There are 2 protein chains.
Amino acid sequence: MSAIRIGILGYGNLGRGVELACRDNADTELVAVFTRRDPSTVTPLTDGVAVYPADDLAAHQGGIDVLVLGGGSATDLPEQTPACARLFNVVDSFDTHANIPAHFAAVDAAARETGHVAVISAGWDPGMFSVARLYANAVLPNGADYTFWGRGVSQGHSDAIRRVPGVVDARQYTVPVPAAMEAVRAGENPQLTTRQKHTRECFVVAEEGADLAAIEKAIVEMPNYFADYDTTVTFISQAELDRDHAGIPHGGSVIRTGSTGAEGRNTHVIEYSLKLDSNPEFTGSVLVACARAAWRMAGEGMVGAKTVFDIPPAYLSATDDAELRATML
Amino acid sequence: MSAIRIGILGYGNLGRGVELACRDNADTELVAVFTRRDPSTVTPLTDGVAVYPADDLAAHQGGIDVLVLGGGSATDLPEQTPACARLFNVVDSFDTHANIPAHFAAVDAAARETGHVAVISAGWDPGMFSVARLYANAVLPNGADYTFWGRGVSQGHSDAIRRVPGVVDARQYTVPVPAAMEAVRAGENPQLTTRQKHTRECFVVAEEGADLAAIEKAIVEMPNYFADYDTTVTFISQAELDRDHAGIPHGGSVIRTGSTGAEGRNTHVIEYSLKLDSNPEFTGSVLVACARAAWRMAGEGMVGAKTVFDIPPAYLSATDDAELRATML
């Protein structure tokens, strides 16, 4: 069987994560990277991968089985995913939870028009965390859900700090509160405020001579991003940031506690947790598994937008169904 | 929409777990229990549920949408599931891992002959643990799998102890070795022997005057069941057993550690864990979610044997797809 020919649109951290995942999956082959930058400035890690301008996508319809989108949810994907779903089977990692229904509808219409499969919102949250929530809710209808994130780097919060006057660079870690997690795991069903669930740790490089107290105040009081959390700010040098905070780790836990039975009800705790050294590489690996599923669904004549909720788990695997049953069930 | 009409074959611990789960799922209705015992001796917990002899199953084809099998894997299900799949859509919890391919083939042939859907090997292992293994393998192709069970009651091992001469009653707990779990979670990829992964704790009620040393020796040296483990035997009274060991808790963890990236590879840890106060009630809850999926698949014209690997996660849920995307993705 020939490998699934993968294209990547957007060659940032996530695009490179997808590229690295293709190397680890022998049934996939990365054939092209598409970029809005000047293609001559982009050098893939993998020999022999062509780089084309994003504007040339339509010319490569025949050469790509699934296009994986590496763009961001704020402005890239709302435009790109519907447009690309008219040309290719696609996979994206759209993660603005509140806008998923509208994104799904736009992508679904485009994909159906042209007979493609479009998997949206793949990754780990949304993605693997979402299926963990769904399975847990399906088997424990009476219960409560909790999602904790971290300890990990939030790119959005790091960017927000970088926009504070006097800040040169920053890295923000989201950290779950251990006591809150323990109360949930113990089945205590706590009602938790935003502040009780997570703390935020900020490592900040300031301009020489900047007003550190003013920077700290601007960060901890920033609405939406930090005001609702216990936030700590630590000023460090650029050298320390580069040395100690170069990685992009993340992770977290989805926990559902629920009960079954008659009067003397029994309690159950389901927990799915991830501890990731590299957020973009793990996300890229999920996207490639979803690309495999998209290709299989397209081969069976399915069309339209899909999410991890619609994908039979076996479709994500390179192993055939009989072997999966024999070895993994 | 009318409720999914559920029948149960076999009214032991698991059958009662299925009954209790039907009460917690408003879109299902338990309509009948079938038993090999004298039906007059069986009283369901739920008012209005009819009890029929197992031999009368064929007479109730029109009244049941999905039949859930509560029997055991050793002798019941290899006969019952294929036979019942000729009459109904069915769900079973066949859990003899080595015989799953043969069971799947037998059930698949029967279900296809008559146009039914038959979900086999549902529960938590096989079942929820299996999908956890599959997702983790699909997204981290380079890695190692570990499954730990417990702390929980093993019915099979408890039964084995009860067959030792001089034993009146017994309860056996399977217990994971904490140091082994920690090494796995730390990404150390340890090679673990059977003995290094789990210990076995046995609480035994002996006949008056029995040779306790002989009983202990018979247990700890029992091949297949205990010889390969560090096993402890504690003699207690029947009253203590009834007071302290009446529950049927279980659980465990599926862990996959893997790596992604280029030379300096990044490590990731995926863990799915269950802590269950009642093994049969949780298993019954999974079976009812799978019954819902079986009914939906049958409604779409699918036929044949299926496992959790083949079921789109959304099919397990009573919530419609759009609502799932809006609230759980």
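Quick notes on this structure:
- Any hit, the stretch B:227-249, residues being within 9 Å of chain A (Cβ to nearest Cβ) and either surrounded by fewer than 17 Cβ atoms within 10 Å (Cβ to Cβ) or closer than 30 Å to residue A:275 by Cβ (or both): yes
- Pair list, Cβ under 9 Å, 6 or more apart: the stretch A:167-190 residue farther than 25 Å from residue A:202 by Cβ, other residue assigned to a helix (DSSP H, G or I) and of a type in the set (D, E, K, R): A:188/A:182
- Per the listing B:27, B:65, the residue uniquely more than 14 Å from chain A (Cβ to nearest Cβ) and at pLDDT 95 or above is B:65.
- Verdict on residue A:108 being surrounded by fewer than 24 Cβ atoms within 10 Å (Cβ to Cβ), more than 25 Å from residue A:299 (Cβ to Cβ) and within 22 Å of the chain's Cα centre (by Cα): no
Listed here are the residues, each with its yes/no results for (1) assigned to a helix (DSSP H, G or I); (2) under 22 Å from residue A:17 (Cα atoms).
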residue	(1), (2)
A:71	no, yes
A:77	yes, yes
A:94	no, yes
A:101	yes, no
A:104	yes, no
A:109	yes, no
A:122	no, yes
A:130	yes, yes
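- Residue within the stretch B:237-246 that is in contact (Cβ under 8 Å) with a residue 24 or more places away in the chain and more than 27 Å from residue B:17 (Cβ to Cβ) present: yes
- Cβ pairs under 9 Å, 6+ apart, first in the stretch A:101-116 and in contact (Cβ under 8 Å) with a residue 12 or more places away in the chain, second surrounded by fewer than 21 Cβ atoms within 10 Å (Cβ to Cβ) and hydroxyl-bearing (Ser, Thr, Tyr): A:103/A:73; A:103/A:96
- Residue check, residue B:56 assigned to a helix (DSSP H, G or I), out of contact with any Leu (no Cβ under 8 Å at 6 or more places or on another chain), of a type outside the set (Val, Ile, Thr) and over 20 Å from residue B:119 (Cβ atoms): yes
- Which numbered condition residue A:291 misses (of (1) at pLDDT 95 or above; (2) more than 10 Å from chain B (Cβ to nearest Cβ); (3) more than 17 Å from the chain's Cα centre (by Cα)): (3)
- Scanning the stretch B:232-247 for residues that are under 27 Å from the mean Cα position of the chain (by Cα) and either part of a helix (DSSP H, G or I) or within 19 Å of residue B:212 (Cβ to Cβ) (or both) returns B:232, B:233, B:241, B:242, B:243, B:244, B:245.
- Count - residues of the stretch B:314-329 that are touching a residue at least 12 places away in the same chain (Cβ under 8 Å) and assigned to a helix (DSSP H, G or I): 2
- Boolean, residue B:58 is touching an Asp or Glu at 6+ places or on another chain (Cβ under 7 Å) and modelled with pLDDT of 95 or more: no
- Within the stretch A:250-286, considering residues that are assigned to a strand (DSSP E or B), at the interface with chain B (Cβ under 8 Å from one of its Cβ atoms) and of a type in the set (A, V, I, L, M), the one nearest to residue A:19 (Cα to Cα): A:276
- On the stretch given as the stretch A:313-329, residues that are facing chain B (nearest Cβ under 7 Å) and either touching a strand residue (DSSP E or B) at 6+ places or on another chain (Cβ under 7 Å) or buried (at least 21 other Cβ atoms within 10 Å of the Cβ) (or both) total 8.
- Filter result (farther than 25 Å from residue A:87 by Cβ and not small (Gly, Ala, Ser)) within the stretch A:310-329: A:312, A:313, A:319, A:320, A:321, A:323, A:324, A:325, A:327, A:328, A:329
- Enumeration of residues in the stretch B:132-180 that are of a type in the set (S, T, N, Q), surrounded by fewer than 22 Cβ atoms within 10 Å (Cβ to Cβ) and in a helix (DSSP H, G or I): B:155, B:158
- Selection count where residues are under 16 Å from the mean Cα position of the chain (by Cα) and either crowded, with 24+ Cβ neighbours inside 10 Å or among the aromatic types (Phe, Trp, Tyr) (or both), scope the stretch B:62-80: 4
- Residue A:301 being assigned to a helix (DSSP H, G or I), within 30 Å of residue A:86 (Cβ to Cβ), of a type outside the set (D, E, K, R) and more than 7 Å from every other protein chain (Cβ to nearest Cβ): no
- Number of positions in the stretch B:82-105 that are touching a strand residue (DSSP E or B) at 6+ places or on another chain (Cβ under 6 Å), closer than 19 Å to residue B:308 by Cα and not aromatic (Phe, Trp, Tyr): 5
- When the stretch B:121-155 is filtered for residues that are among the aliphatic types (A, V, I, L, M), within 17 Å of the chain's Cα centre (by Cα) and farther than 19 Å from residue A:136 by Cβ, only B:153 remains.
The values are calculated or read from the model by the stated rules, or taken from the named source; none is laboratory data. Predicted model, so just to flag it, every value in this text is computed and none were measured. Cβ atoms come from the backbone with ideal geometry, glycine included; neighbour counts cover every protein chain shown.
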